[in-house]
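Since every read-out is calculated from the coordinates, none of them should be taken as a lab result. The structure displayed is predicted, hence computed values, not measured ones. A quick note on method: Cβ atoms are made from the backbone with ideal geometry, for glycine too, and the neighbour counts reach across all protein chains shown.
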Amino acid sequence: MLGLNTLRPVLRSSAPALSARAFSASASQAMARMILTGRLATEPEAIPSSTGVNVIKYTIASTHGRSDNRFTSYFRVTSFLENGPQKDFVLSLSKGTLVCIDADVSLKPWEDAEGRRHSSLNIIQKTLEVLKRPNPNRQTDNGVSDQFAGEEMP
């Protein structure tokens with residue numbers, strides 16, 4: 001009877017090489033991803049594109065820093081959801097809703113009329129999760145959630 005020790009070299013040589021992407025069954029792709037958590041600074045709206053398809057656009061405000069040195073960053077997000085319940089759900093969200101999105105991102109360079117170079121961050125929503133709905137009792141006199149009271153959106 002052959003012992004296990006005599007089979008080890010055979011077992012070792014027939015074992016498949018470990019892949020660098022052993023954690024995933026999906027194909028490797030060159031893309032940048034972002035997970036962004038913040039409050040809706042604008043209500044999502046459907047805007048017709050040049051191809052006739054409605055895209056959803058909204059802004060997420062994310063505040064960071066200590067209480068004495070807080071800073072809010074605003075991120076413009078685009079979504080290409082098909083007509084249906086998911087699109088209706090996103091369009092029904094109100095300003096101040098705490099959301100977490102998973103998105104593809106890209107940095108696009110562009111030049112203005114004076115020849116100055118700029119770049120813009122394109123954020124394309126893949127998934128959206130509502131973490132908390134706004135409290136309707138926490139509104140200021142002008143109807144803006146006090147989370148953003150006194151802040152100007154760029």
Item to check | For the range 31-74 versus the range 90-124, the gap between their alpha-carbon centres in whole angstrom | outcome: 7
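Counting other C-beta atoms within 10 Å, which of ASP102, ASP88 has the fewest, and how do the rest follow?
Working: ASP102 13, ASP88 10.
Ranking ASP102, ASP88 by Cβ neighbours within 10 Å, fewest first, gives ASP88, ASP102.
Just want the ordering: LEU36, LEU121, from fewest to most Cβ atoms lying within 10 Å of their own Cβ.
If I rank by nearby Cβ atoms, fewest first, I get LEU121, LEU36.
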Item to check | Residue order, fewest to most beta carbons within 10 Å, for THR97, THR63 | outcome: THR63, THR97
